[in-house]
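Shown next, in C-alpha cells, is the structure this report addresses.
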Amino acid sequence: MTDPRMDPYEAIAYGRFTAAQINTLLLGLDHELDGTLRLMAGRVAAASDALEAALLRAGVPELYLHRAPEGEPDPVLAARETLRALVHYAEACRDGFMIASRLLQGESLSTAVRRTPMKLLLRLEHALEAIEKMKHMMPEHASWSSRVEQTRAALETFDAEVHAGRSERRSMTADVAGAWNAWQRTYASAKHVVLGSLAGIDKVPLIREVFDDLADESPSRLSQLPQVPSTY
C-alpha cells in the first residue's frame, strides 16, 4: 500500500504532507487517540527532515527535492497559489459550493494544495477539465483557464527537469540509505496507526487524504494493512 514509484527524493514531500494532514484532519475525531496521532505526526515529520538532511549532506542538488533555484519563480508554490485562488473565485460564483467541490474532486482545499508535486499536477489538469465543463457557470472562465494552463505547464516542465536530473544520479551513500530505511519504517508504522484509528470510527476512506500515495486507492485496497518494507 505504498506507491512503488516513491523514492527518497519524493518521500520527503509525502512525509510532510502526512504529518500536516494528521494534525489538521484527524485530531479531535477520537480524543483518546490524539496523543498517539500527534506522536506519529511528529515521527513522520522528523524522519522526513532527517532524510532531507542526509540527501543534502550527500550533495544532492536542491532541484531534485522540487526546490526552485534561489531568486527564480517557484512552480510548485505558484501551482498551490493558483489552485487556492481559483477555488476562492469559484466559491464566490452562483452555486459556488458545487463548483468548488467539482474543482477539488470532493477534497478540502487545504488537502488539495498540500498535495505532492505529482498529485498537484493532476489536480491542475482536472481543474482545467472542470472549468471547461462548467464554463457557463463561471463568467471569467477564459482567463482562469489560461492562468491554470500556464501554471500547469510551468509545473510540468519543472517536474520533468527534476526527474531527469534524478535519473542520472543512482548511487546512494550509507547515510542516505540509513535515513531512507528509517523513513520507510516510520511511514509504514504511521499507516498502521492511522488506519486502525480510522477503522475504529468507521472513517477508513479518509486515509486517502492523509497519505498522498493512497489518494487513488480503491475501497477494497484501503482495508488491507500496509506491510513494513524490508531494508533497502
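The values are calculated or read from the model by the stated rules, or taken from the named source; none is laboratory data. Quick caveat: nothing in here was measured; it's all calculated off a predicted structure. Neighbour counts run over all protein chains shown; Cβ positions are idealised from the backbone, glycine included. For the accessible areas, the whole protein counts, side chains as well, though only heavy atoms, and no ligand, DNA or RNA atoms are used. Shrake-Rupley method; radii C 1.70, N 1.55, O 1.52, S 1.80 Å.
Can you show me the helix-derived [θ] at 222 nm for the chain, built from DSSP H runs with n ≥ 4 at -39,500 (n - 2.57) apiece and divided by the number of residues, rounded to the nearest 500.
-20500 deg cm²/dmol
So what does log10 I(q)/I(0) come out to for the stretch 75-168 at q = 0.16, 0.23, 0.26 Å⁻¹, using the Debye formula with one equal point on every Cα and no solvent?
-0.59, -1.13, -1.39
Of all accessible surface on the chain at a 1.4 Å probe, what whole percent is carbon and sulfur?
Result for the chain: 53 percent of the exposed heavy-atom area is carbon or sulfur.
Sort the stretch 10-111 into rounded, prolate or oblate with this rule: let a ≥ b ≥ c be the square roots of the eigenvalues of the Cα gyration tensor; rounded if a/c is under 1.5, and if a/c is not under 1.5, prolate when a/b is larger than b/c, oblate otherwise.
On the way: a/c = 3.86, a/b = 1.21, b/c = 3.20.
In terms of gyration-tensor shape, oblate.
Work out how much length ASP95 to LYS135 would gain on full extension: take 0.36 nm times their residue separation and subtract the Cα-Cα distance, in nm to one decimal.
13.1 nm
Give me the 1.4 Å probe accessible area per residue for the stretch 75-168, excluding ligands and nucleic acids, in Å².
49
Assign one of three labels to the chain, namely rounded, prolate or oblate, based on the Cα gyration tensor with a ≥ b ≥ c the square roots of its eigenvalues; rounded applies when a/c is under 1.5, prolate when it is not and a/b is larger than b/c, and oblate otherwise.
Oblate is the answer for the chain, as a/c is 1.5 or above yet b/c matches or exceeds a/b.
So, R0 is 45 Å and r is the distance between the beta-carbons of ASP175 and ARG147; what FRET efficiency does that work out to, to 0.05?
E between ASP175 and ARG147, to the nearest 0.05, is 0.60.
Can you give me the distance in nm between label points at THR157 and ASN23, each placed 7 Å from the Cα along the Cα-to-Cβ direction?
Label at THR157, label at ASN23, 3.5 nm between them.
Relative contact order for the chain: what is it in percent, counting Cα pairs under 8 Å that are at least 6 residues apart?
30 percent.
State, to one decimal in nm, how far the label point of GLU168 lies from the label point of GLU32, with both points 7 Å from Cα in the Cβ direction.
5.6
Length gain on complete extension for the stretch ALA188 to GLU72, per 0.36 nm per residue less the alpha carbon to alpha carbon distance?
Between ALA188 and GLU72, full extension yields an extra 38.2 nm.
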